[in-house]
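Trainee: Structure below; questions to follow.
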Amino acid sequence: MLDEILAIQSVSAGASAYDILGNIVISFILGGLISMTYQKTSNKGGYSSSLAVTLIMVPMVIGMIIFLIGNNVARAFSLAGAFSIIRFRSAPGDPKDITYVLFAMAAGLATGVGFYVYGAIFSVVLCLLMFILHKIDFGESTSSEKILKITVPENLSFEGVFNEILDIYSNNYSLSKIKTSELGSLYQLEYKVNLKDEGKIKELMDELRARNGNLTIAIFSQEQVA
């Protein structure tokens with residue numbers, strides 16, 4: 001029945017309806033595999049649900065686009081013209097997330113040109129490699145460097161006032177930025193600090209509060225600031 005409905009399109013495209021369904025199903029399976037890998041390898045489970053769904057859709061969309069274009073140059077130029085009027089606006093993402101999108105696109109390209117086996121092998125092997133890298137914490141920083149932000153009142157002479165405390169709780173530190181806030185009534189100092197023991201952050205903050213008039217103090221990891 002499906003072959004009869006799509007008979008004209010199948011003849012012109014040189015493919016059967018079952019080829020199209022096969023393309024969609026295989027793309028869906030590969031996209032699902034990539035999406036699950038993305039979720040499992042995200043840092044501390046903090047993944048984007050919208051990206052997880054997108055990674056399933058991308059291989060199907062790319063696969064169908066390539067399938068429909070085939071060797072038709074006119075279709076390729078028409079498609080390029082259609083996409084040129086679309087503007088995508090988004091904040092810069094995590095490089096790892098962008099890599100997963102490219103991964104999904106590559107899987108879609110493989111299914112679109114009919115290389116189902118190659119696409120499956122590529123996806124499975126790369127997903128396994130991502131799992132292995134995640135399990136061994138490859139590329140994880142072993143440094144305890146933090147960004148310390150201390151707010152001080154304008155009447156406090158802050159030069160060196162916190163050095164004694166930082167000498168106790170850190171291996172090394174440096175004052176990287178000074179800026180005013182609240183119309184100049186407050187100063188914000190930003191230090192790069194390599195902590196000796198991250199379990200003593202509360203003690204560090206309590207001692208700093210005693211010297212800055214109990215104003216705001218914040219400690220961030222390098223990744224949070226980026």
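The values are calculated or read from the model by the stated rules, or taken from the named source; none is laboratory data. This is a predicted model, so every value here is computed, not measured. Cβ coordinates were reconstructed from backbone atoms using ideal geometry, including for glycine residues, and neighbour counts include every protein chain displayed.
Trainee: Just wondering, is there one or more residues in the range 159-173 that are at pLDDT 85 or above, part of a strand (DSSP E or B) and of a type in the set (A, V, I, L, M)?
Mentor: no
Trainee: Could I ask something else about it? Out of the residues in the range 39-85 meeting the condition of being under 25 Å from Ile29 (Cα atoms) and aromatic (Phe, Trp, Tyr), tell me which one is modelled with the highest pLDDT.
Mentor: Ranking the candidates gives Phe67 first.
Trainee: Please work out which residue is nearest to the chain's Cα centre (by Cα), limiting yourself to the range 149-171 and to residues that are surrounded by 13 or more Cβ atoms within 10 Å (Cβ to Cβ) and hydrophobic (A, V, I, L, M, F, W, C).
Mentor: My answer is Ile150.
Trainee: Testing Ser123 on (1) outside the structural domain of Leu30 (by TED's automatic domain parsing); (2) under 30 Å from the mean Cα position of the chain (by Cα); (3) not hydrophobic (A, V, I, L, M, F, W, C), one condition comes back false. Which one is that?
Mentor: Failed condition: (1).
Trainee: How many of the residues making up the range 179-217 are without any contact (Cβ under 8 Å) to a residue 60 or more places away in the chain and more than 12 Å from Leu148 (Cα to Cα)?
Mentor: 22
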